[in-house]
Amino acid sequence: MKIRALLLLLFAFGSCFYSIRAGAEQKPNVIVIYSDDQGSLDLNCYGSSDLHTPHLDRLAAKGVRFTQMYSPSAICSASRAGLMTGRFPARAGVPGNVSSAQGVPGMPSSEVTLAELMSSHGYATAHIGKWHLGYSPETMPNAQGFDYSFGHMGGCIDNYSHFFYWNGPNRHDLWRNGKEIFEDGEFFLDLMVQEARQFIHSSSNKPFFMYWAINAPHYPMQGTSKWRKRYKDLESPRRQYAEFVSTVDEKVGEVLSVLEELSLEKNTLIIFQSDHGHSTEERAFGGGGNAGPFRGAKGCLFEGGIRVPSIVSLPGVIPSNEVRSELATGCDWYPTIAELCGLALPGHHLDGKSLVPMIQSSEQTSPHEQFFWLLGRGERAQWAVRQGDWKLLGNPTDRSETASQVKLPSRFLVNLAKDIGEKTNVAEQYPDIVADLEAYKDTQVRHLEDAN
């Protein structure tokens with residue numbers, strides 16, 4: 001803890017404030033909206049014609065939309081750790097999901113979170129929604145850089161009782177600033193909007209950072225009656241899933257309207273992204289999400305598990321109604337936000353790289369020559385390396401709705417330019433490429449701890 005405090009102090013005082021917004025007197029506000037289990041193509045602007053998502057589509061029209069944005073991991077906690085630290089989730093101490101049981105720690109408190117970075121530069125900080133990065137006092141949001149916190153600490157809750165029912169015993173999970181609160185019968189997505197509105201209003205006279213971790217369309221899929229009527233003719237499980245996706249879109253629209261009411265939309269950086277691909281779990285009716293041509297879903301490192309919808313907007317700074325098709329990752333938001341806000345980065349190793357040049361110009365290539373994913377622990381952990389069009393998966397698992405029982409080889413190589421669906425393993429035809437990518441993976445594994 002002392003080391004982290006010293007590090008925060010040093011880069012707070014040493015900030016060079018190199019904002020790309022020449023002459024800007026006020027740092028932009030920042031809202032990161034992280035949806036939960038939303039599939040690769042599940043917005044209208046990504047091609048899902050059976051969904052109604054006007055607010056997020058409008059956000060895309062005002063900013064930049066990514067078609068090769070990858071989540072830091074294919075499961076909830078690890079993805080959030082990558083977002084919050086700008087580091088490979090395993091390097092941040094979260095290679096898999098953390099416990100949803102009270103009292104169990106999660107992401108180490110030695111990590112310097114995005115909230116701590118923002119707070120050290122004068123930002124008011126708030127966490128609204130899902131946490132799932134630790135359920136002990138030292139790993140809950142208020143100890144990880146957030147001035148204000150409202151939401152649930154575990155992986156999911158029923159949206160009306162606010163109980164966690166999925167791994168007994170049943171337990172209530174709703175907290176405000178580390179204190180358990182009760183809002184029996186109130187729809188959690190409405191509560192999040194209320195909390196977000198209050199935070200924005202209370203912080204409108206200073207820069208603020210709000211991490212809005214929406215717990216949807218993660219199960220239990222409890223879309224509102226408005227959307228149940230809208231999608232009554234869709235077949236299950238798409239029907240239940242669509243109901244909840246449109247509920248998410250509606251609530252996002254309600255929060256965006258607060259910015260308009262306060263004339264803050266022109267000075268607010270907004271990032272929307274899913275934490276990973278859609279779920280095919282039984283609790284999610286076996287699927288419902290749209291991965292399009294991509295193989296896989298939540299819990300695996302095929303494209304459908306990690307390629308996610310992602311949008312960024314900042315009027316007057318970020319181009320409008322443009323698309324970027326180069327590789328980017330959720331770990332990149334940490335240094336990207338820092339650059340857009342003119343904040344000095346901490347001195348330790350980050351795996352994310354700023355996307356600002358790529359966002360500003362369609363001529364820029366990805367800042368990553370390679371990227372590495374590690375999901376789980378031990379010899380059977382899943383991993384993947386992406387380099388150019390090549391992608392090597394180790395110990396792959398396929399959680400697609402129709403292929404969950406398929407036995408796969410321990411090494412699976414594809415060229416995404418030729419096989420976007422990852423249908424054909426060409427590892428035997430290209431042993432040199434397999435060896436090179438595996439060597440890169442081995443190097444990353446060895447250095448996970450050394451670069452702290």
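Taking each DSSP H run with n ≥ 4 as -39500 (n - 2.57) and averaging over every residue of the chain yields -7500 deg cm²/dmol at 222 nm. Taking every alpha-carbon pair under 8 Å whose residues sit at least 6 apart, the chain reaches a relative contact order of 23 percent. Extending 7 Å from the Cα toward the beta-carbon at both Ala101 and Phe182 defines two label points whose distance is 2.5 nm.
Averaging 1/r across all pairs of distinct Cα atoms in the chain and inverting the result yields a Kirkwood radius of 21.9 Å. Backbone phi angles across region 36-45, fed through the Karplus curve with coefficients 6.51, -1.76 and 1.60 (θ = phi - 60°), yield HN-Hα couplings of 10, 6, 8, x, 3, 10, 8, 8, 4, 5 Hz in residue order; Gly and Pro are listed as x. Collect residues whose amide H, placed 1.01 Å from N in the peptide plane, falls under 5 Å from the amide H of Arg171; neighbours closer than 5 in sequence don't count. Excluding prolines and chain starts, which carry no amide H, the hits are Phe164. Phi angles of region 57-71 translate, via the Karplus equation with coefficients 6.51, -1.76, 1.60 and θ = phi - 60°, into HN-Hα couplings of 5, 5, 4, 5, 5, 8, x, 10, 10, 9, 10, 10, 8, 10, 6 Hz per residue; Gly and Pro are given as x.
Cβ crowding within 10 Å, taken as a proxy for footprinting-reagent exposure, orders Met118, Met84 from fewest neighbours to most as Met118, Met84.
Sorting His348, His152, His132, His447 on the 10 Å Cβ count, fewest up front, what's the list?
Lowest to highest Cβ neighbour count: His447, His348, His152, His132.
The string of couplings for region 181-188 from the Karplus curve (6.51, -1.76, 1.60, θ = phi - 60°) is 10, 10, 10, 3, x, 7, 5, 4 Hz, one whole number per residue in order, with x for Gly and Pro.
Taking Cα centre as origin and charging only the Cβ of basic (Lys, Arg, +1) and acidic (Asp, Glu, -1) residues, the dipole magnitude of region 370-447 rounds to 260 debye. Taking the Cα centre of region 121-219 as origin and assigning +1 to Lys and Arg Cβ atoms and -1 to Asp and Glu Cβ atoms, the resulting dipole is close to 280 debye.
When Ser320, Ser77, Ser35, Ser400 are arranged by Cβ crowding within 10 Å, least crowded first, meaning fewest neighbours, the order is Ser320, Ser400, Ser77, Ser35. From the Kirkwood radius over Cα pairs of region 195-248, Stokes-Einstein at 25 °C and 0.890 mPa s returns a whole-number translational diffusion coefficient of 190 µm²/s. Distances between placed amide hydrogens fall under 5 Å for Ser48 paired with Leu43, all partners being 5 or more residues away or on another chain. Rounded, prolate or oblate: which fits region 370-447 when a ≥ b ≥ c are the square roots of the eigenvalues of the alpha-carbon gyration tensor, with rounded for a/c under 1.5 and prolate only if a/b beats b/c? It is oblate, given that a/c is not under 1.5 and a/b is not larger than b/c.
Placing unit charges on the Cβ atoms only, positive for Lys and Arg and negative for Asp and Glu, gives the chain a dipole magnitude near 120 debye about its Cα centre.
Cross-link pairs exceeding 27 Å between alpha carbons, from the set Lys298/Lys391; Lys251/Lys418; Lys232/Lys407; Lys298/Lys418; Lys62/Lys179: Lys251/Lys418; Lys232/Lys407; Lys62/Lys179.
Values in this text are rule-based calculations from the coordinates and carry no lab data. Small disclaimer: the values here were computed from a predicted structure and weren't measured. Positions of Cβ are backbone-derived with ideal geometry, glycine not excepted, and every protein chain shown enters the neighbour counts.
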